[in-house]
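*Asks:* Okay, here's the structure, questions in a sec.
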Amino acid sequence: MFKQPCDLESLYEEIVRTAIFTVKPDNIATFPGQRITYNCKKEVGTNYNQRILGTRIRHHMSDVSIKMYDKFGHVLRIESTCNDIGAFRVKRKVEHRDGSSSEQKAPLKKSIYSLYQLFTIMKAANYRYLEFISSFDDHSNGNGNLIKVTAPIVENERSYRRLNFSAECDLQVLETISRGEYMTFGMQGKDIRRHLEHISPSAMSGIFKRLRLHGIIERAQGTYRYFATSYGKEVITAGLAVRNLVLIPALA
């Protein structure tokens, strides 16, 4: 909540403008913990509406939506809605035709007993979206982070080059990492190379090492999977925003 409408207005306009250009279908799938597969037939998109009580931006994937309002000009409100909870698969008791039952993953049932599981899923979706847009709000550390990510880093007397937001190769890697399935479930080098076939396995290892040293990704303990850090998500958002909002319009 904000005491004065002017405090929220400038902040909200920046969030909405950036979200319209940078939130892509893969990101939208990430928020409710879904993924987009090759045979996905769900409609995914973003809508922006102006209403009497304020404006609204809505990201939807089939019957699942995440909405953001500037309600009454004083409240920044995030909410998640779902008209078909069967879109979510959870671990629950499943009864079979022969009378037996087992504990396995199955679509969420439309029942009052599913409310807690649905609440947990939608609350997590809100937090993911809040974490995503939080990089749009806070510019206090922007200059320091820009210097950090665009400066070479040294480890064991070996220098690793900086990230270059103007280089297509760096932006392609960052854009691939930002895909919904990798933000939610992590990634390996072979996953990224499926989208960037021109990168060799050895080069991919070097890229992961450079991204890890810059703090963009981190490896989950005891596994070979990497996840984007909160700082990394901010860098990826910034890189995509620079390309979509500055470079492409300027060079069109």
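The values are calculated or read from the model by the stated rules, or taken from the named source; none is laboratory data. Quick caveat, the model's predicted, so the values are computed rather than measured. Counting neighbours? That spans all protein chains shown, and the Cβs are built from the backbone with ideal geometry, glycine included. Remember, those area values only see protein heavy atoms, side chains included, never the ligands or the DNA or RNA. Shrake-Rupley method; radii C 1.70, N 1.55, O 1.52, S 1.80 Å.
*Asks:* For segment 100-132: of the residues being of a type in the set (S, T, N, Q), more than 15 Å from the chain's Cα centre (by Cα) and surrounded by 14 or more Cβ atoms within 10 Å (Cβ to Cβ), which is farthest from residue 18 (Cα to Cα)?
*Replies:* 114
*Asks:* Considering every residue within segment 196-214, establish whether at least one is under 18 Å from the mean Cα position of the chain (by Cα), surrounded by fewer than 17 Cβ atoms within 10 Å (Cβ to Cβ) and either of a type in the set (Phe, Trp, Tyr) or over 29 Å from residue 15 (Cα atoms) (or both).
*Replies:* No, segment 196-214 contains no residue that is under 18 Å from the mean Cα position of the chain (by Cα), surrounded by fewer than 17 Cβ atoms within 10 Å (Cβ to Cβ) and either of a type in the set (Phe, Trp, Tyr) or over 29 Å from residue 15 (Cα atoms) (or both).
*Asks:* Restricting attention to segment 37-55, does a residue exist that is open to solvent by less than 60 Å² (accessible area, probe 1.4 Å), at pLDDT 80 or above, more than 24 Å from residue 179 (Cα to Cα) and in contact with an Asp or Glu (Cβ under 8 Å, 6 or more places away or on another chain)?
*Replies:* yes
*Asks:* What are the residues in segment 1-19 that are at pLDDT 80 or above and either touching a His at 6+ places or on another chain (Cβ under 9 Å) or among the acidic types (Asp, Glu) (or both), if any?
*Replies:* 1, 2, 3, 4, 5, 8, 19
*Asks:* Considering 90, 94, which residue is over 30 Å from residue 3 (Cα atoms), open to solvent by less than 50 Å² (accessible area, probe 1.4 Å) and touching a Pro at 6+ places or on another chain (Cβ under 9 Å)?
*Replies:* Testing whether each residue is over 30 Å from residue 3 (Cα atoms), open to solvent by less than 50 Å² (accessible area, probe 1.4 Å) and touching a Pro at 6+ places or on another chain (Cβ under 9 Å) leaves just 90.
*Asks:* Looking at residue 222 and the list (1) surrounded by 13 or more Cβ atoms within 10 Å (Cβ to Cβ); (2) on the phi > 0 side of the Ramachandran plot; (3) not aliphatic (A, V, I, L, M), which single condition is not satisfied?
*Replies:* Answer for residue 222: the failing condition is (1).
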